[in-house]
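First comes the structure, then the notes that go with it.
Only the coordinates and a few stated rules stand behind these numbers; no lab work does. Fair warning: this is a prediction, and the values are worked out from it, not measured in the lab. Cβ placement follows ideal geometry from the backbone for every residue including glycine, while neighbour counts extend to all protein chains displayed.
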Amino acid sequence: MLQIFTADGEVRPATLVEAGPAVVVQVKTEEKDGYSAVQVGYGSKNPKRIKKPQKSHFAKISDSKFKNLNAIRWLREFRVDDVSGFKVGDVIDAGIFKEGEKIKVSAISKGKGFQGVVKRHGFHGGPRTHGQKHSEREAGSIGGGGRAGGRVAKGMRMPGRMGGDRVTVRNLEILKVDAQSNAILVSGAVPGRRGTLVEIVSQK
């Protein structure tokens, strides 16, 4: 993350995202596959770690200008209404975005391990006085005879594993586009740690 200044002197928090290049690996149609979608590949990894079925799958895009044809790291599908504008081997880069465009960004959030209710759910904890000793951040009562028949009700907010969920942030704005280096500057924060794969979808 970083911050930039707009023309009128306003400071804006922003996240720098590498947006491509990605390559169209497969085009799915209603007639053949039962739905319309475009499968996109991005990133690279050691070719020795690519399984044989994947290698034959990637062999279909041999005529593309994409560099890492035999060692694509991630595959993702995007449902589209009309697939006529796509063909296998097409390269998608940051040039498809425009400054000022509204987008939604989805990614896996940072994993935070096992956390208590104060961090996980925003509970206030108990009072700091009146005999309190070791239970300042405890959850408090979770049941009893007067609530749900003396059992713990379903959905009770309690300590547990936090993070590692798929999170979508909507209405983010593209502040700058650098098509040369395939980088875009997105307003605000996006889910995940550095190096996390994010899905960017334009909001119509």
Task: In order through the stretch 51-61: 3J(HN,Hα) via Karplus (6.51 cos²θ - 1.76 cosθ + 1.60), integer Hz, x for Gly, Pro - done: 6, 4, x, 5, 4, 5, 5, 6, 5, 5, 9
- [ ] Would you list, by chain and number, the lysines whose Cα falls below 26 Å from the Cα of Lys60, excluding same-chain residues fewer than 8 positions away?
- [x] Lys28, Lys32, Lys45, Lys48, Lys51, Lys52, Lys87
Open item on the list: Test of understanding: ordering Met156, Met162 by Cβ neighbours within 10 Å, fewest first, what list do you get?
Closed with: Met156, Met162
Open item on the list: I'd like to compare 189-198, 167-176, 127-136: which one has the highest average count of other Cβ atoms within 10 Å, and what's the full order after that?
Closed with: 167-176, 189-198, 127-136
